[in-house]
1. What are the residue pairs meeting all of these: first residue in the stretch 189-207, first residue closer than 15 Å to Val239 by Cβ, second residue near the ligand (Cβ under 6 Å from one of its atoms), Cβ atoms under 8 Å, and 6 or more apart or on different chains?
2. When the residues of the stretch 256-285 are filtered to those that are assigned to a loop (DSSP other than H, G, I, E, B) and modelled with pLDDT of 90 or more, which remaining residue is nearest to Cys205 (Cα to Cα)?
3. Can you find even one residue in the stretch 74-86 that is touching a helix residue (DSSP H, G or I) at 6+ places or on another chain (Cβ under 8 Å), surrounded by fewer than 15 Cβ atoms within 10 Å (Cβ to Cβ) and among the acidic types (Asp, Glu)?
4. Taking the criterion of being open to solvent by 70 Å² or more (accessible area, probe 1.4 Å), within 16 Å of the ligand (Cβ to nearest atom), among the hydrophobic types (A, V, I, L, M, F, W, C) and at pLDDT 95 or above, would at least one residue in the stretch 115-122 satisfy it?
5. With respect to Ser103, is the statement that it is within 21 Å of the chain's Cα centre (by Cα), in the same structural domain as Glu211 (by TED's automatic domain parsing), among the hydroxyl-bearing types (Ser, Thr, Tyr) and open to solvent by less than 40 Å² (accessible area, probe 1.4 Å) true?
6. Search the stretch 209-234 for residues being open to solvent by less than 20 Å² (accessible area, probe 1.4 Å) and not in a helix (DSSP H, G or I), and hand back the single one that is farthest from the ligand (Cβ to nearest atom).
Amino acid sequence: MTVEASQRAKTGIPKNPGRADLGMKATLLVPSKAIVEQYYVPLIYTACRTCYSELPPEEIFRKAANGEIDVAKMQRLINGVIESGHGSTIEHVVFTFGITGVSRTLSHQLVRHRAGVAFDQQSQRYVTYKQAATMLPQTIADADPELRARYEDQVESSMELYGELVGAGIPGEDARFVFPNGTRTNLVMTTNLRALIHMSGLRLCTMAQWEIRRLFQLIRHEIFTVSPFLGSFLAPKCVPLGYCDEMGNRDGHCPIRPHKDRVLEAWAEKAKAARAAGRELPVQS
Ligand SMILES: Cc1cc2nc3c(=O)[nH]c(=O)nc-3n(C[C@H](O)[C@H](O)[C@H](O)COP(=O)(O)OP(=O)(O)OC[C@H]3O[C@@H](n4cnc5c(N)ncnc54)[C@H](O)[C@@H]3O)c2cc1C
């Protein structure tokens, strides 16, 4: 193997986390497919159209929700508005998910999102666990059996100690300090569509940590089941951008879109060739 090939193998695109059953779930609690079909696209269309129409919003919404406006026409306008980054129009629709069996490692990352999203999480103060469950990373599951066994022993003894502490009268809020990051948890997350697209852009990216990437694959699947049109906006951020802006992908190991360095190099090459031919490429202003 050449040096370049071995480096590439080392930094290779991470395996799709969906290959393993991680025991986590994302369930779209609200809205139902019927509500999305009847109201969500009409509502976003109403928000977009109100900007350009003399009609009052209630009249636009009435027509849109009654099927008097072609769905393809509504979708075309919504597409254009989203592509142009006019994001407030898609803040009017929200989705609520039940998220189950994810690790605290994941939830710590998830709740870093602040804008347009609300969380409620199972409390380790108020819940006294009889059998707290943990997440086993695939790399450890596949590791040398002796190493895996040591990991499992360590986790198990943390759980046993928790039980002993609680049994000795230590409050759950203090006993939980022995829990590992892999301890599973449950959350309810409500997000508007703009925030969901933004979070998915970051978390479906192959640079995201495998577990949260898997969660957003499950979330995308849930949205697709109620609306393939709205689901189609949930993609790694490079897809709408047209290029990758992650500095960790300068080596181009993730092939979904070319890194922006390559795009700029290609542009510079093109400008040089044009200059050699006696013309300047138009500069966008
Ligand atoms: C691959 C990856 C690696 C990461 N690694 C680390 C790490 O090592 N350490 C670490 O601490 N975090 C890390 N993070 C978390 C990251 O820094 C963000 O905190 C997290 O992704 C939340 O995203 P956001 O800032 O876009 O927030 P969101 O709340 O989702 O905000 C959405 C958008 O609203 C705007 N916005 C929100 N709040 C404000 C504000 N107060 N002022 C101005 N504009 C605002 C911004 O445009 C923002 O992008 C990582 C995230 C990813 C995806």
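The values are calculated or read from the model by the stated rules, or taken from the named source; none is laboratory data. Quick caveat, the model's predicted, so the values are computed rather than measured. For neighbour counting, all protein chains shown are included, and Cβ atoms are generated from backbone atoms with ideal geometry for every residue, glycine included. Only protein heavy atoms, including side chains, enter the accessible area calculation; ligands, DNA and RNA are left aside. Shrake-Rupley method; radii C 1.70, N 1.55, O 1.52, S 1.80 Å.
1. If the second residue must be near the ligand (Cβ under 6 Å from one of its atoms), the pairs left are His198/His113; His198/Ala115; Met199/His113; Leu202/Ala208.
2. Per the stated criteria, the residue is Ile256.
3. Looking for residues that are touching a helix residue (DSSP H, G or I) at 6+ places or on another chain (Cβ under 8 Å), surrounded by fewer than 15 Cβ atoms within 10 Å (Cβ to Cβ) and among the acidic types (Asp, Glu), one finds at least one in the stretch 74-86, hence yes.
4. Yes; the residues of the stretch 115-122 include at least one that is open to solvent by 70 Å² or more (accessible area, probe 1.4 Å), within 16 Å of the ligand (Cβ to nearest atom), among the hydrophobic types (A, V, I, L, M, F, W, C) and at pLDDT 95 or above.
5. Yes.
6. Going through the qualifying residues, I end up with Ser227.
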